[in-house]
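Student: Attaching a single structure in structure tokens format; questions to follow.
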Amino acid sequence: MNTLALDHIRVADLGIITAGAATTQVLADFGADVIKVESTTYTDPFRQWTQVAAKSSGPADLNASPPFQSVNRNKRGVGIDLKHARGREAFLRLVSVSDVVVENFRRGVLERLGLGFDELRAVKPDIVLVSLTSQGLTGPESGYISFGSTLDALGGLMSVTGYDDQTPRWSGTNVNYPDQLVSFLAPGVILAALRQRDLTGEAIHVDFSQRESVTSVIGESVLGYTTTGEVARPRGNRDPVAAPQGVYPCQGEEQWLALSVPGDEQWTELCRVLDLPALAEDDRLRTASGRQSAHDVLDKQIAAATAGRDKHDLAARLQEAGIAASPVLDAGEVLDSPQLGALGFFQDAAPGGFPAHRQRGFAAGLQDTPGTVRQPAPRLGEHTRDVLSALLGYSDQEITELADAGAISLDEH
């Protein structure tokens, strides 16, 4: 097997939930040695963010949560209490042999723990500290706390999502788009910081503002306002150019087809495939502007024409006619997608992972060193002894003493 692209990088991972943990998982997928640091007094909240993690009786299974499993694969897990003096000492020893520290705690938490940027670079002069902050490290609102809902609102995204006749919509707990966005962008920023570190030999503190990342995706709306003074509003499924465009019911319960018609030729083909000759012959609908004006009426007629048809068959026919159309797939259908199967998107984790061991794959693949799912998310403290002994040089007696003192936790099942 070829060496993975990032196997020369080690990350001391304090990242939690999606924004932090999914960011470091990208690095782990491509070979970085990511060591996730938790303690029994403060675990990653994702370990308990699902009913699957809780048993009907007895303590919750902190290793069973699907959200936790989905963003912590390929990592080693150590239990270190950062509030304990000897736990702090152990963490700093880990930092001394690491390239990157990633955290997304509330602003000021690291400093109160005595683990701020100055303390980290004192033990590793070229460390890269990545702070995935809510609002950034400076400014009048830098102390704000946030979740996906508040970042949707503060970043401006909520102002353009949803439908124009309803209240603003946020991306919801099933997606939490702001958190996902951070995990898409931050790994690239980390690699840029490592490149700069290699050029200068100096420590770098990366201030990654999650709020800024959200606003960055509505750049067109911001620019439009500065040039025209017009505020962008929610459009639902509508498009300023393509018409018709929307999601239409198909055969079966909650079965849908999405389609978009950007030009006159596609409109003619849509009418042919849906057997709507009267619409094709209507001169008022021969132009995009005419179809935009009649969009509400068109939606009803298209919905009536799609309602009794299989979404997969209809999407295939529309694609053959040159129309952008797709069935709306749920999680089970996505899992069985032949296209994702051909790309090798889904992979199985090693035995011991969460039930079916099926893991999402990678949005991009390197030709010779693709990302791999090598192991499931770690149990709490699963690799504490191995990391402290083989990597940090602690003796067995010292590890036992640290465990007895409550500075570390072990899981040696």
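The values are calculated or read from the model by the stated rules, or taken from the named source; none is laboratory data. Predicted model only: the values in this text are computed from it and were never measured. As a convention, Cβ positions derive from the backbone with ideal geometry for all residues, glycine included, and neighbour counts pool all protein chains shown. Surface areas here come from the heavy atoms of the whole protein model, side chains and all, with no ligands, DNA or RNA. Shrake-Rupley method; radii C 1.70, N 1.55, O 1.52, S 1.80 Å.
Student: Only one of the listed values, (1) 4, 20, 29, 25, 16, 6, 0; (2) 4, 18, 25, 23, 15, 9, 4, 1, 0; (3) 4, 16, 18, 15, 13, 11, 8, 6, 4, 2, 1, 1, 0, 0, was derived from the coordinates as P(r) over Cα pairs in 10 Å bins from 0, in percent; which label is it?
Tutor: (2)
Student: Ok, one more. If each DSSP helix of 4+ residues adds -39,500 (n - 2.57) and the sum is divided by the residues in the chain, what number results at 222 nm, nearest 500 deg cm²/dmol? Display every interim value, and only then the final one.
Tutor: Values: 17 runs with 153 residues, N = 413.
Value at 222 nm, helices only, nearest 500: -10500 deg cm²/dmol.
Student: Shape call for region 149-215 from the C-alpha gyration tensor, a ≥ b ≥ c root eigenvalues: rounded (a/c under 1.5), prolate (a/b greater than b/c) or oblate? Can you show the working numbers first?
Tutor: Numbers: a/c = 4.25, a/b = 3.28, b/c = 1.29.
The shape class here is prolate.
Student: His295 versus Val231, label points 7 Å from Cα toward the beta carbon: distance in nm?
Tutor: According to this spin-label approximation, the distance is 2.0 nm.
Student: Okay, moving on. Taking a probe of 1.4 Å, how large is the accessible area per residue of the chain, in Å²?
Tutor: 51
Student: Oh, and also: Under 30 Å from the Cα of Lys124, which lysines turn up, not counting those fewer than eight places away in the same chain?
Tutor: Qualifying lysines at Cα under 30 Å: Lys36, Lys75, Lys83.
Student: Ordering Glu320, Glu230 from largest to smallest accessible area (1.4 angstrom probe), what's the sequence?
Tutor: From most accessible down to least: Glu320, Glu230.
Student: Mind running the shape call on region 75-137? Use the C-alpha gyration tensor, a ≥ b ≥ c as the square roots of the eigenvalues: rounded below 1.5 for a/c, prolate if a/b tops b/c, oblate otherwise.
Tutor: rounded
Student: Using a 1.4 Å probe on the protein heavy atoms, what percent of the accessible area of region 199-324 belongs to carbon and sulfur? Each step should come with its number before you reach the end.
Tutor: Working: 3570 of 7200 Å².
The nonpolar share, carbon plus sulfur, comes to 50 percent.
Student: Which order do Leu257, Leu410 take when ranked by solvent-accessible area (1.4 Å probe, heavy atoms of all protein chains), largest first? Display every interim value, and only then the final one.
Tutor: Working: Leu257 0, Leu410 60 Å².
Largest to smallest exposure gives the sequence Leu410, Leu257.
Student: Here's another thing I want to ask about it. Hey, any idea what % of region 80-162's accessible area is carbon plus sulfur with a 1.4 Å probe?
Tutor: 55
Student: Take region 112-243, compute every pairwise Cα distance, and split them into 10 Å bins from 0; I just need the percent in each bin.
Tutor: Result returned by the calculation: 11, 32, 30, 17, 8, 2, 0.
Student: On the full set of protein chains, 1.4 Å probe, figure out the accessible area of His205 and give it in Å² to the nearest 10.
Tutor: In the full protein context, His205 sits at about 60 Å².
Student: What order do Arg106, Arg197 take when sorted by accessible area (1.4 Å probe), most exposed first?
Tutor: My answer, sorted largest first, is Arg106, Arg197.
Student: Does region 214-276 come out rounded, prolate or oblate by the C-alpha gyration tensor, with a ≥ b ≥ c the root eigenvalues, rounded set by a/c under 1.5 and, if not, prolate when a/b is larger than b/c and oblate if not?
Tutor: Since a/c reaches 1.5 but b/c is at least a/b, the shape of region 214-276 is classed as oblate.
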